[in-house]
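Here is the structure we will look at.
The values are calculated or read from the model by the stated rules, or taken from the named source; none is laboratory data. Small disclaimer: the values here were computed from a predicted structure and weren't measured. Quick note on the areas: whole protein, heavy atoms, side chains included, nothing else; ligands and nucleic acids left out. Shrake-Rupley method; radii C 1.70, N 1.55, O 1.52, S 1.80 Å.
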Amino acid sequence: VSGGGCSASTFAPGAAGSSQIVRVAESQIGQGEHPEGSNCTIYGPCEEWCSLFAAWVWQHAGVPLPGSTALYGYSGSLYTWAREHGGKVLPPTARPAPGDAVFYGAGPSESAHVGIVAQVLPDGEIVTVEGNYAGHVTRVGPFLPADATSAGEAAPIYGYAQPPTPAGGGA
């Protein structure tokens, strides 16, 4: 019985570049709950799963998140993990990069939702790929980060997190 986690050791060091994170996230668009409305997915335990999806994407792209995705079930957990493990956390006014996690709510202890930034347009609009958006992995946007709630998000953006890069490597 798998909890949906994976072993990061199956990936080459430095595999977690932003384009790889986006590729993994986009490969899951349309994936949903089985059965509908159950919160049961391939990404982890049967619970609200936006953060399970984001953790699964980072793991499958080579980010060395230890353990199963269940450890990252709370939507603010990747923000806290990145801050504590050499990643970068950025304020909501920062320009994110593809592959960043985007967090909605009032802060990491009052987080409402998380997704993956797939694209940043020249005008600052972003396109995201989010798990548990209407019960599926969904592409959302483009929207201006300051207008996240107008675009249908659960709450305003409180920040972004970039996974740590390998020593000596670039993202």
Residue 93 accessible area, 1.4 Å probe, all protein chains in place, Å² to nearest 10
130 Å²
Accessible area expressed per residue, region 16-110, with surrounding protein chains retained (probe 1.4 Å, Å²):
42 Å²
Share of carbon and sulfur in the accessible heavy-atom surface of region 15-171 [1.4 Å probe, %]
54 percent
The chain - mean residue ellipticity at 222 nm from DSSP helices (-39,500 (n - 2.57) per run, n ≥ 4, rounded to 500)
-4500 deg cm²/dmol
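Projected area of region 14-171, taken from the Cα convex hull and averaged over every viewing direction, in nm²?
8.3 nm²
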